[in-house]
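Student: Below: one structure in structure tokens.
The values are calculated or read from the model by the stated rules, or taken from the named source; none is laboratory data. Source: prediction; values computed, not measured. Backbone-built Cβ (ideal geometry, glycine too); neighbour counts: all protein chains shown. For accessibility, only protein heavy atoms count, side chains too; no ligands or nucleic acids. Shrake-Rupley method; radii C 1.70, N 1.55, O 1.52, S 1.80 Å.
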Amino acid sequence: VQLQASGGGLVQAGGSLRLSCAASTRTFSNYGMGWFRQAPGKEREFVAAISGSGSGTYYADFVKGRFAISRDNAENTVYLQMNSLKPEDTAVYYCAADQSYKRLGLLYDADYWGQGTEVTVSS
């Protein structure tokens, strides 16, 4: 599975961005999808995950109520809508895929990783 993330950029605090991740697989709905991020000088951290059907989700506590993960299985794409952005959300955001979305959301690991898209939130 190859993953291509896009949608990052520079935004002011309080603003919004929507990240997209396109997957190259014929069985996209068989994969849980997730978003992770890594800020400069910090370890990678889990952001959100969604099940193959889209019916199940996990979120990190620090994004609950601000970020929303969704997917379009017809378009082989997963999204991360980010609202009320804060400077501490500045990071490179990575999408990931795994046949177990619980592995993504509970073990914070995945078999497939995309390249990152950079998000910078200015104060």
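Student: So what's the back-of-envelope 222 nm ellipticity for the chain, counting only DSSP H runs of four-plus at -39500 (n - 2.57) apiece and dividing by all residues, rounded to 500? Walk me through the numbers before you get to the answer.
Tutor: Details: 1 runs with 7 residues, N = 123.
Rounded to the nearest 500, the figure is -1500 deg cm²/dmol.
Student: In addition: Keeping all protein chains in position, work out how much accessible area S55 exposes to a 1.4 Å probe, and write it in Å² to the nearest 10.
Tutor: 110 Å²
Student: Please give, to one decimal in nm, the separation of the simple spin-label points placed at K64 and S24, each 7 Å out from Cα toward the Cβ.
Tutor: 3.8 nm
Student: Under a Cβ-only charge scheme (Lys and Arg +1, Asp and Glu -1), can you give me the dipole magnitude of region 34-123 about the Cα centre, in debye to the nearest 20? Mind dumping the intermediate values first?
Tutor: Working: 9 positive and 11 negative charges, 40 e Å.
Dipole size: approximately 200 debye.
Student: Under 25 Å Cα to Cα from K102, which lysines show up? Leave out anything in the same chain fewer than 8 places away.
Tutor: Counting by Cα, and skipping residues close in sequence, K102 has these lysines nearby: K42, K64.
Student: Go through region 1-102 and name the trypsin sites (Lys or Arg not before Pro) that are in a DSSP coil and have 12 or fewer other Cβ atoms within 10 Å of their Cβ. Please list the in-between numbers first.
Tutor: Details: sites: R18, R26, R37, K42, R44, K64, R66, R71, K102; in loops: R26, K42, R44, K64, R66.
Listed in order of number, the matching sites are R26, K42, K64.
Student: Specify which residue in the list A23, F67, G34 is farthest towards the positive end of the charge dipole of the chain, using unit charges on the beta carbon of Lys, Arg (+1) and Asp, Glu (-1), about the Cα centre.
Tutor: Looking along the dipole axis, the top candidate is F67.
Student: Which of the GluC sites (Glu not before Pro) found in region 35-101 are in a DSSP loop and have at most 14 neighbouring Cβ atoms, other than their own, within 10 Å? Kindly include the intermediate steps, with their values, before the conclusion.
Tutor: Numbers: sites: E43, E45, E75, E88; in loops: E43, E75.
The qualifying sites are E43, E75.
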